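Down below is the structure, laid out as structure tokens.
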Amino acid sequence: MKITICIGSSCHIKGSLQALVSEKGLMDRIELAGTFCIGQCQSGVNVMIDGQRFSVTPETTASFFNNEVLSRLGA
């Protein structure tokens, strides 16, 4: 699974997701990538999974990871 994170304003989210991926031992199943613009800057931190855009905050990163990432992996 590839997760693309807008890094224009959200480097901290990538670090948070990296920690969660590592914690769960999913480094071989998840690729994290950065991009400079997803085109929805007014929505906050934008994250893409399989072409679907999500808006994530530092406070919602863990629930996003559990609800969207882990569920897609069947973990």
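If you go through the range 47-75, how many residues are touching a Gly at 6+ places or on another chain (Cβ under 8 Å) and polar (S, T, N, Q)? Steps first, please.
Going through the range 47-75, the residues touching a Gly at 6+ places or on another chain (Cβ under 8 Å) turn out to be 55-57.
Those still in the list that are polar (S, T, N, Q) too: 55, 57.
Count: 2.
Which of the residues spanning the range 35-75 are over 15 Å from Lys2 (Cβ atoms) and among the hydrophobic types (A, V, I, L, M, F, W, C)?
Pass one, the range 35-75, residues over 15 Å from Lys2 (Cβ atoms): 36-37, 39-45, 55-64, 66-67, 70-71, 74-75.
Phe36, Cys37, Cys41, Val45, Val56, Ala62, Phe64, Leu70, Ala75 - these are the residues of the range 35-75 that are over 15 Å from Lys2 (Cβ atoms) and among the hydrophobic types (A, V, I, L, M, F, W, C).
Within the range 13-49, how many residues turn out to be within 11 Å of the chain's Cα centre (by Cα) and open to solvent by 60 Å² or more (accessible area, probe 1.4 Å)?
Residues that pass the stated criteria total 2.
In the range 50-63, which residue that is β-branched (Val, Ile, Thr) and at pLDDT 90 or above is most open to solvent (accessible area, probe 1.4 Å)?
Taking the range 50-63 first, the residues β-branched (Val, Ile, Thr) are 56-57, 60-61.
With at pLDDT 90 or above added as a condition, the list becomes 60-61.
Values: Thr60: 55, Thr61: 4 Å².
Among residues in the range 50-63 that are β-branched (Val, Ile, Thr) and at pLDDT 90 or above, the one most open to solvent (accessible area, probe 1.4 Å) is Thr60.
The values are calculated or read from the model by the stated rules, or taken from the named source; none is laboratory data. Computed from a prediction, not measured in an experiment: that's the story for all the values here. Cβ sites come from the backbone with ideal geometry, for glycine too, and all protein chains shown count toward neighbours. Only protein heavy atoms, including side chains, enter the accessible area calculation; ligands, DNA and RNA are left aside. Shrake-Rupley method; radii C 1.70, N 1.55, O 1.52, S 1.80 Å.
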